Amino acid sequence: MRAAELFRARFGGTPDGVWLAPGRANLMGEHTDYNDGYVLPFALGQAVTAAAARRAERQLTLCSRQEPAAAVQIALDGLAPGQVTGWAAYPAGVAWALEAAGYPVPGACIAIDSDLPAGAGLSSSAALECATALALTELAQTELALTELAQTELTLTELALPQSAGLTVPRRELAAIARRAENEFVGVPSGIMDQSASLLSQAGHALLLDCRSLDTSQVPFAPAAAGASLLLINTRAKHDLSDGEYGQRRAECEEAARRLGIPSLRSLTTPAEVDRLADPVLRRRARHVVTDNQRVLDVVALLSAPAGQHGPVDVYRDIGRLLTESHASLRDDFEVSWPEADATVEAALAAGAFGARMMGGGFGGSVLALMPAASAGRVRHAVTAAFARRAWTAPEFLDAVPSQSARRLTSLV
Ligand code: GLA
């Protein structure tokens, strides 16, 4: 609720509501989302919170505890890509994309707080988009409900405002709107995984998302209950999706699909099919995508096997092996790993992890490592020592607990 405190300090008064949207980890399926493939992310306990209130003027006023500069003012009328830069482009882009999709956007004051490390590859940007999207759509609903109220003899209680003012934009659509904000307003060509994870996840589950049909299913995933630990290791190498490498990988995948004469790399079903590509770089990119898609399905099969078919330790050992295979594929075929990630994976495996891999877009950010709970201390120690030996900034460790998706934390005023 530090966002509500920030709201009071910066804007005075009480916010109409406080909304939370989590960051995400991705268990399997990297660089598969924009290839129409499969991903298996889950929402984290760490999140962005937004305390917001409607205001009469057609303006957004945004402030953030993590960006202590003056509040940013954004005029809603005539808002267009290119007008807002820096962190405020994400919430501004959401307002723009909501209006473009035909949803009303009220003027609002929004105070943002986050316990997600920025640039750690944990989707702090998507969390910021999703928290803003929930806040703006619910504030718009409140405004509509109040207008209705003014035209009736009902009291506020009879209208049951907090319930009737709930979110009415379907979450899948909201995810697409938030992604459009990132793609077209901010200018980052990312896929749909991060926003879907933040808006559609369930606690104790990973979210299987088919990025072609957009079908989802919840896959039970509770490593702690099976005596396993899932650690996120922030390598402190900053990652930035707008640096061009991400867009280049995406373009290479599209080119590979074009040369193969298929709508997207999702249409590949066996690694042998990539041999039809003469270009060795495109062949490696395509091989990563087809093998990582298969690894998503393999992890889902392991997690969904009837109890008793495999012991829980076997399941997690097998998932660990797939994680490490995915890392090798991202490092050697997709070429998006970075030295700190490779050293982290190596140290974690040597210290008894079931498996580990770099996570997210690459070139910086975090590693996901799976291990027996009893080895967690040893793994932390080994990775910290590996960083110290190379005189790198010490890594940061976060527990990755599959958590609930975005939601309102308070009743609406
Ligand atoms: C970033 C993007 C996602 C996805 C991953 C790589 O997190 O935002 O859409 O492409 O990289 O899997």
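Assorted remarks:
- In the set Leu134, Leu122, only one residue is assigned to a loop (DSSP other than H, G, I, E, B), under 29 Å from the mean Cα position of the chain (by Cα) and modelled with pLDDT of 95 or more; that residue is Leu122.
- Residue-level check: of (1) assigned to a loop (DSSP other than H, G, I, E, B); (2) β-branched (Val, Ile, Thr); (3) within 22 Å of Gly320 (Cβ to Cβ), Thr410 misses just (3).
- For the stretch 180-207, the set of residues classified as of a type in the set (D, E, K, R), buried (at least 24 other Cβ atoms within 10 Å of the Cβ) and under 12 Å from Ala89 (Cβ atoms) consists of Glu182 only.
- Check on Gly45, modelled with pLDDT of 95 or more, surrounded by fewer than 24 Cβ atoms within 10 Å (Cβ to Cβ) and at negative phi: yes
- Across the stretch 208-218, the qualifying residues are those that are of a type outside the set (D, E, K, R) and surrounded by fewer than 22 Cβ atoms within 10 Å (Cβ to Cβ), and the one among them that is nearest to the ligand (Cβ to nearest atom) is Leu214.
- Of the candidates Gly29, Gly37, Gly23, Gly13, the single residue that is more than 17 Å from Leu134 (Cα to Cα) and within 14 Å of the chain's Cα centre (by Cα) is Gly29.
- Test: residue in the stretch 140-161 that is at pLDDT below 75 and buried (at least 18 other Cβ atoms within 10 Å of the Cβ): yes
- Failed item in (1) more than 16 Å from the ligand (Cβ to nearest atom); (2) part of a loop (DSSP other than H, G, I, E, B), with Gly364 passing the rest: (1)
- Wholly enclosed helices (runs of 4 or more DSSP H) of the stretch 232-335 bearing at least 3 residues polar (S, T, N, Q): 280-304
Yes/no per residue for (1) polar (S, T, N, Q); (2) at pLDDT 95 or above:
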| position | (1), (2) |
| --- | --- |
| Leu260 | no, yes |
| Val274 | no, yes |
| Asn293 | yes, yes |
| Ala301 | no, yes |
| Val313 | no, no |
| Gly320 | no, yes |
| Leu323 | no, yes |
| Trp338 | no, yes |
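- The stretch 190-207 - residue that is more than 9 Å from the ligand (Cβ to nearest atom) and part of a loop (DSSP other than H, G, I, E, B) and, of those, farthest from Thr132 (Cα to Cα): Gly204
- Residue in the stretch 52-65 that is within 19 Å of the chain's Cα centre (by Cα), buried (at least 23 other Cβ atoms within 10 Å of the Cβ) and among the hydrophobic types (A, V, I, L, M, F, W, C) present: no
- Annotation: Leu128 fulfils all but one of (1) within 16 Å of the ligand (Cβ to nearest atom); (2) part of a loop (DSSP other than H, G, I, E, B); (3) at pLDDT 95 or above; the unmet one is (2).
- So Arg172, is it modelled with pLDDT of 95 or more, under 30 Å from His239 (Cα atoms), within 16 Å of the ligand (Cβ to nearest atom) and surrounded by fewer than 21 Cβ atoms within 10 Å (Cβ to Cβ): yes
The values are calculated or read from the model by the stated rules, or taken from the named source; none is laboratory data. Quick caveat, the model's predicted, so the values are computed rather than measured. Methodologically, a virtual Cβ is constructed for each residue, glycine included, from the backbone with ideal geometry; neighbour enumeration extends over all protein chains shown.
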